[in-house]
1. Which members of the stretch 28-87 meet the condition of being assigned to a loop (DSSP other than H, G, I, E, B), basic (Lys, Arg) and over 26 Å from the mean Cα position of the chain (by Cα)?
2. Say we look at the stretch 186-210 and pick out the residues that are hydrophobic (A, V, I, L, M, F, W, C) and closer than 14 Å to LEU257 by Cα; which of these is farthest from ligand 1 (Cβ to nearest atom)?
3. Checking CYS73 against (1) open to solvent by less than 20 Å² (accessible area, probe 1.4 Å); (2) away from ligand 3 (no atom under 16 Å from the Cβ), only one condition comes out false. Which one?
4. Answer yes if at least one residue in the stretch 137-150 is closer than 25 Å to LEU210 by Cα, outside any strand (DSSP E or B) and open to solvent by less than 70 Å² (accessible area, probe 1.4 Å), and no otherwise.
5. Can you tell me which of (1) under 22 Å from ALA178 (Cβ atoms); (2) among the aliphatic types (A, V, I, L, M); (3) surrounded by 21 or more Cβ atoms within 10 Å (Cβ to Cβ) is the one VAL105 doesn't meet?
6. What helices (runs of 4 or more DSSP H) completely inside the stretch 176-269 contain at least 1 residues that are touching a residue at least 60 places away in the same chain (Cβ under 8 Å)?
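The values are calculated or read from the model by the stated rules, or taken from the named source; none is laboratory data. Predicted, not measured: the structure shown is a model, and the values here were computed from it. FYI the Cβ positions are ideal-geometry reconstructions off the backbone, even for glycines, and counts take in every protein chain you see. In case anyone asks, the SASA skips ligands and DNA or RNA and just uses the protein heavy atoms, side chains included. Shrake-Rupley method; radii C 1.70, N 1.55, O 1.52, S 1.80 Å.
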Amino acid sequence: MLKPFMFFLLTLIALFPLSVRLPAQAKEDAASAYAKCAHCRKEGFVSARAKNGAGKLMPLCYECASLPRCSFCQMPADVDSGGGDRLCRECAADTIKENAEAEKVMKDVRQVLSTKFKMTSKHKITYGLGSRRDLNLEADGEHNELGWFDPKIIRNKPQYTIRILTGLPRDVFRSVGAHELAHDWMDETLPHLMDKPEIREGFAEFVAWLFSEAEGNKRMMEYTESRTDEVYGGGFRKVRAMMGDAKTAAEWKSILLKEFPLKGKKSGN
Ligand SMILES: [Zn+2]
Ligand SMILES: [Zn+2]
Ligand SMILES: [Zn+2]
């Protein structure tokens, strides 16, 4: 009886702060130049270069280079996201902090997924925001969750909720939203795959990656590609290889069904 309730705990998208992965490149072209610091605007020697949200390398002075960095790019952070993250000013300029706005954006993301990839479900979904603490409540403590797909049965009626971390930059929010909506699609279309973490998360990452590509959202594409963990990173590479050029939900469904036929679901693991 517990099992149906187990998998929603596992559908959390785990995104470590993107700034953790500072590439060696940033260090390489640091030093020796004289320029205006992108953070404090003072002229001086460049101590480091940091990628902003658009992926552009920006010069930083010595003082600014030692400040805490943004959760979603490499720039110095001095704004509280309201959800538990620190943001640089640029990432903080357009964040999703209101439930009404979150719902509006999620509906738009769902529409884009339907138009671009014919990925639809009949589920009525409730959308909302949560703090990092809210979203971590049920997690294993190892991950920092940015989103949560939660299917529940209440009095024999299925209910679907998607919650996204409050205060995310808009482009990050949209990509996380696409990931969670991919879970919703799978829950309706291929529920027997929901208890295969690698396929479930790998597929959601694959959809988010295609969605980010369609939106010209380079940082989230790079982020998905750079993940090294088995379930999200490994799952993504596995599903991407499986899907090849398939770009519609109907094709994804038939590829997944061929790989994981329905009758195999009893074997369980
Ligand atoms: Zn997920
Ligand atoms: Zn500075
Ligand atoms: Zn930033």
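1. Passing the criteria: ARG41, LYS42.
2. Among them, the one singled out is LEU190.
3. (2)
4. Yes, the conditions are met somewhere in the stretch 137-150.
5. (3)
6. Correct list: 197-214, 218-226, 249-259.
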